[in-house]
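Quick notes on the structure that follows.
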Amino acid sequence: MKRSTTVVAMVALWLCWGSSFPAIRVMVAELPPLLASGAVFLTAGTVLAATRSGALRGLDRGRIATAAGVGVCLLGAQGAVAVAARHVYASTAALLVASVPLWTAVLRGLVGDRPGKAASLRLLAGFAGTAMVIAGDSGVDWSLWSLVVVAAAVGWAGGTVWAARSDSMPDARAATVVQLLAGGLVLLAGGFLAGEDLPPGAVDGWSWLALVHLVLVDSLAGFALYNRLLRTAPIGLVSTYAYAVPVVAYLIGVLVLGEPFRAVVVLGAAVIVAAVAAEVVSCSASRSPAPSASSCR
């Protein structure tokens with residue numbers, strides 16, 4: 001891939017995934033969060049399964065089970081973000097989820113891959129930034145829902161570590177299809193068990209448009225771009241999504257959705273992004289990414 005084409009694809013990926021948090025907030029304003037999220041992932045997974053049937057050929061039960069389990073962790077976490085999005089600004093949620101690489105480093109340490117002094121300093125700085133983002137919004141309820149987003153980030157990190165350490169993960173294309181289908185089904189089941197419903201005629205067009213955006217742009221186009229870049233671009237460049245996407249989401253939330261601009265939140269965001277950038281650069285220099293497109297979300 002030519003350098004100019006690679007840059008365009010990278011920026012497109014930032015926009016695809018950066019727009020997901022604002023789209024989730026718009027979607028759940030009228031649609032039930034778990035049912036809507038499940039529908040997004042199940043639809044995307046079905047489309048990919050139909051167009052990439054060869055990717056699933058020859059998968060044994062062990063690989064399917066591992067990919068499905070990882071998918072439930074990752075997309076279950078995204079379902080939690082969707083639930084919290086009714087109470088947390090998209091810009092704030094994006095900045096809190098930016099801590100996923102930091103939580104990944106913590107969980108790696110718990111399973112024996114202890115961080116060094118430099119990595120420990122990055123973690124302390126990143127979590128200090130996370131605390132600043134949470135504290136930057138007033139109100140007890142707001143902070144509690146922000147902690148739900150933090151918990152989702154821990155869930156994402158857990159799925160990422162599982163995918164990276166497992167010897168039975170299928171390749172990225174097959175893993176993405178299985179994860180989307182499994183995660184979508186679990187979220188739909190969770191929505192039904194939670195008593196979510198959709199009253200006829202109670203939803204405006206913006207929520208439906210956001211749902212379609214999440215299927216076409218966030219899931220299908222985003223994963224396609226990510227897989228393409230993994231095959232054609234340096235991992236250091238591809239990894240920039242981890243700290244570029246939250247910035248894009250924050251800007252969309254403030255400039256498009258009219259969410260408030262708070263100096264302390266921006267300062268905390270700068271600390272998180274700097275810590276994540278340093279962690280991603282360090283990891284990119286030492287190892288390849290986890291074998292799953294979904295594990296980076």
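Some values worked out for this structure:
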item	result
The stretch 107-126, residues that are more than 18 Å from the chain's Cα centre (by Cα) and assigned to a helix (DSSP H, G or I)	108, 109, 110, 117, 118, 119, 120, 121, 122, 123, 124, 125
Pair list, Cβ under 9 Å, 6 or more apart: the stretch 180-194 residue free of Cβ contacts under 8 Å to residues at least 60 places away in the same chain, other residue open to solvent by less than 20 Å² (accessible area, probe 1.4 Å) and among the hydroxyl-bearing types (Ser, Thr, Tyr)	none
Residues within the stretch 217-239 that are modelled with pLDDT of 85 or more and surrounded by fewer than 16 Cβ atoms within 10 Å (Cβ to Cβ), tallied	0
The lone exception for residue 211 - which of (1) of a type outside the set (S, T, N, Q); (2) at pLDDT below 85; (3) open to solvent by less than 50 Å² (accessible area, probe 1.4 Å) it fails	(2)
Identity of the residue in the stretch 161-182, outside any helix (DSSP H, G or I) and among the hydroxyl-bearing types (Ser, Thr, Tyr), that ends up nearest to residue 49 (Cα to Cα)	168
Unmet criterion (only one of (1) surrounded by 21 or more Cβ atoms within 10 Å (Cβ to Cβ); (2) not in a loop (DSSP other than H, G, I, E, B)) for residue 190	(1)
Leading residue by the ranking (farthest from residue 190 (Cα to Cα)) among those in the stretch 42-64 that are modelled with pLDDT of 90 or more and not hydroxyl-bearing (Ser, Thr, Tyr)	47
Residue 137 being at pLDDT below 80, in a loop (DSSP other than H, G, I, E, B), in contact with a helix residue (DSSP H, G or I) (Cβ under 8 Å, 6 or more places away or on another chain) and not basic (Lys, Arg)	yes
Residue among 114, 165, 108 that is in contact (Cβ under 8 Å) with a residue 12 or more places away in the chain, open to solvent by 60 Å² or more (accessible area, probe 1.4 Å) and touching a Lys or Arg at 6+ places or on another chain (Cβ under 9 Å)	165
Set 271, 265, 276: member being open to solvent by 20 Å² or more (accessible area, probe 1.4 Å), among the β-branched types (Val, Ile, Thr) and either at pLDDT 85 or above or on the phi < 0 side of the Ramachandran plot (or both)	271
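Rundown of residues vs (1) touching a Gly at 6+ places or on another chain (Cβ under 9 Å); (2) of a type in the set (Asp, Glu), yes/no style:
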site: 41; (1), (2): yes, no
site: 60; (1), (2): no, yes
site: 84; (1), (2): no, no
site: 87; (1), (2): no, no
site: 102; (1), (2): yes, no
site: 117; (1), (2): no, no
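The values are calculated or read from the model by the stated rules, or taken from the named source; none is laboratory data. A quick note: this is a predicted structure, and the numbers were derived from the prediction, not measured. So basically every Cβ, Gly included, is an ideal-geometry build from the backbone, and we count neighbours across all protein chains shown. In case anyone asks, the SASA skips ligands and DNA or RNA and just uses the protein heavy atoms, side chains included. Shrake-Rupley method; radii C 1.70, N 1.55, O 1.52, S 1.80 Å.
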